[in-house]
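Novice: Shown below is the structure under consideration.
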Amino acid sequence: MSFSEIAALTLHDVKNRLAQLAGRAEAAGDVETMRDAIAAADALTRLLVYYRAEIGSLGLNIDAHAPADLAAELLDGQAAGDTCRVELDCSRAPTLWFYDEALVRMVLANAVQNARRHARTHVRIEVAEGDDGLEFLVRDDGPGYPDTVLDHVGTATRVSRNGTGLGLRLGRRVAEMHENAGQRGQIRLANEGGAVFRLILPR
């Protein structure tokens, strides 16, 4: 067994242990520890998915889904005492779209988590059908992306806002795996009164 295979198995084991820790913390009423454990487990999940993508074993499970329902799920982690308000606009969302819901959810959940970490007062999630396809947009009112993020999105350099950049690289990989009629999905980043993250999926 190669080192990379052993590392993947170890990461999977640690992820499961973190999930157990989160369960015990929740039972004990320790919300902060529960959230930290869940966030760490989610980070390991992204790492495992990225590893599978790198070795070519990550496949898509494309089916028809309701984008508005997926966006609404992203609000579930918002606690009553949170000072950061999360808004949702699905007024221009299509009824159905074809994509891998589990992978898209992972990418968007990471984007929302990052936005909430850097927002001053609120985060806005928008879902709309545009000229390029289905667009999931996550906007915050924080300081915006550093130039290094905008210049190197998806590359192997350290590009994230206080992180490794794995979430952005995984997001780009997941987006590009969604391909139809010669069109591939995209990740677009911008600063427009704060950081703006766009995941665009082809028709």
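Novice: How far, in nm, would the chain grow between H12 and H65 when pulled straight, counting 0.36 nm per residue and subtracting the alpha carbon separation? Don't jump to the answer; show the numbers that get you there.
Specialist: On the way: separation 53, 0.36 × 53 = 19.08 nm, distance 2.78 nm.
Full extension of this stretch gives 16.3 nm more.
Novice: With +1 on the Cβ of every Lys and Arg and -1 on the Cβ of every Asp and Glu, and nothing else charged, how large is the dipole of the chain about its Cα centre, in debye rounded to the nearest 20?
Specialist: 480 debye
Novice: In the range 53-76, which residues have a backbone nitrogen under 18 Å from the label point lying 7 Å from A181's Cα in the Cα-to-Cβ direction?
Specialist: 63-65, by backbone N distance to the label point.
Novice: Further, regarding this structure: Indicate the helices, whole DSSP H runs only, in the chain that combine a mean Kyte-Doolittle hydropathy of -1.0 or more with a Cα extent along their long axis of 18 angstrom or more.
Specialist: Details: long enough: 3-27 (36 Å, 0.08); 31-54 (34 Å, 0.23); 101-118 (26 Å, -0.08).
Span-like helices, by this rule, are 3-27, 31-54, 101-118.
Novice: If you don't mind, another one. Under 20 Å from a point 7 Å along the Cα-to-Cβ line of T33: which residues of the range 1-26 have their amide N that close?
Specialist: 14-26
Novice: I need to check one value: relative contact order of the chain, counting alpha carbon pairs closer than 8 Å and at least 6 residues apart, in percent. It would help to have the intermediate numbers written out before the result.
Specialist: Details: 332 pairs, mean separation 33.7, N = 203.
Relative contact order comes out at 17 percent.
Novice: Ok, one more. What is the ratio of the Cα radius of gyration of the range 1-77 to 2.2 N^0.38 Å, where N is its residue count, to two decimals? Don't skip to the answer; put the middle values down first.
Specialist: Numbers: Rg = 15.6 Å, N = 77, 2.2 N^0.38 = 11.5 Å.
For the range 1-77, the normalised Cα radius of gyration is 1.36.
Novice: If you count, for each residue, the other Cβ atoms within 10 Å and average over each peptide, how do 28-40, 135-147 line up from highest to lowest? Write down the numbers at each step before the final one.
Specialist: Working: 28-40: 14.2, 135-147: 19.8.
Output ranking for 28-40, 135-147: 135-147, 28-40.
Novice: Sort the range 34-118 into rounded, prolate or oblate with this rule: let a ≥ b ≥ c be the square roots of the eigenvalues of the Cα gyration tensor; rounded if a/c is under 1.5, and if a/c is not under 1.5, prolate when a/b is larger than b/c, oblate otherwise.
Specialist: On the way: a/c = 2.68, a/b = 1.12, b/c = 2.39.
Oblate shape, in that a/c is at least 1.5 and b/c is the bigger or equal ratio.
Novice: Report the equivalent ellipsoid semi-axes for the chain in whole Å, largest first, defined as the square roots of five times the eigenvalues of the gyration tensor built from alpha carbon atoms.
Specialist: Working: eigenvalues 126, 103, 63 Å².
Semi-axes from the Cα gyration tensor: 25, 23, 18 Å.
Every number in this text was worked out from the coordinates using simple rules, so none of it is lab data. What you see is a predicted model; the values in this text were computed from it and never measured. Backbone-built Cβ (ideal geometry, glycine too); neighbour counts: all protein chains shown.
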